1. For the stretch 55-67, which positions are within 15 Å of T79 (Cα to Cα) and under 12 Å from the mean Cα position of the chain (by Cα)?
2. Counting only residues that are more than 16 Å from K80 (Cβ to Cβ) and not β-branched (V, I, T), which one in the stretch 9-24 is modelled with the highest pLDDT?
3. Here's a check for you: in the stretch 25-52, which residue that is polar (S, T, N, Q) and within 14 Å of the chain's Cα centre (by Cα) is modelled with the lowest pLDDT?
4. Does any residue in the stretch 14-42 that is surrounded by 12 or more Cβ atoms within 10 Å (Cβ to Cβ) and of a type in the set (S, T, N, Q) come within less than 6 Å, Cβ to Cβ, of a residue that is at pLDDT below 90 and not in a loop (DSSP other than H, G, I, E, B) six or more places away or on a different chain, and which pairs are these?
5. Only residues in the stretch 54-81 that are farther than 12 Å from D43 by Cβ count as the first member; pair them with residues that are small (G, A, S), Cβ under 7 angstrom, at least 6 apart or cross-chain, and list the lot.
6. Output the residue which, of all residues in the stretch 43-55 that are loosely packed, with under 13 Cβ neighbours inside 10 Å and not β-branched (V, I, T), is farthest from I82 (Cα to Cα).
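The values are calculated or read from the model by the stated rules, or taken from the named source; none is laboratory data. In this text, all values refer to a predicted model and were calculated from it rather than measured experimentally. Cβ atoms come from the backbone with ideal geometry, glycine included; neighbour counts cover every protein chain shown.
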Amino acid sequence: MVHSVPLSVDELQVSNLEVFPNPSSNQIVYVRTDKSCFYQLYDISGNQLQSGYLHAGVNQLSIRQAPGYYFLKVDHKVTKVILQ
């Protein structure tokens, strides 16, 4: 009889991600996530503009950039952020 044992455990990923207000008329957005995780913000050219950590719950994120389209990567999820 052969018993198999898992050799690794999958990382827990963010299952709930919310960015609001989106679009934003100022440089502050709020990010709600269900676990603590790392984030990265990119411009439309793919340049990383900022990064940091979010805690589980609602986080205030200051995006000090010109109006336009940006991409927020949290864990393995990417969402578009619009600054007006």
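1. If the condition is that a residue be within 15 Å of T79 (Cα to Cα) and under 12 Å from the mean Cα position of the chain (by Cα), then L61 is the only one that fits.
2. N16
3. So, considering only residues that are polar (S, T, N, Q) and within 14 Å of the chain's Cα centre (by Cα), the one modelled with the lowest pLDDT is T33.
4. Within 6 Å, the pairs are T33/L17.
5. L54/S36; H55/S36; A56/S36
6. Among residues in the stretch 43-55 that are loosely packed, with under 13 Cβ neighbours inside 10 Å and not β-branched (V, I, T), the one farthest from I82 (Cα to Cα) is H55.
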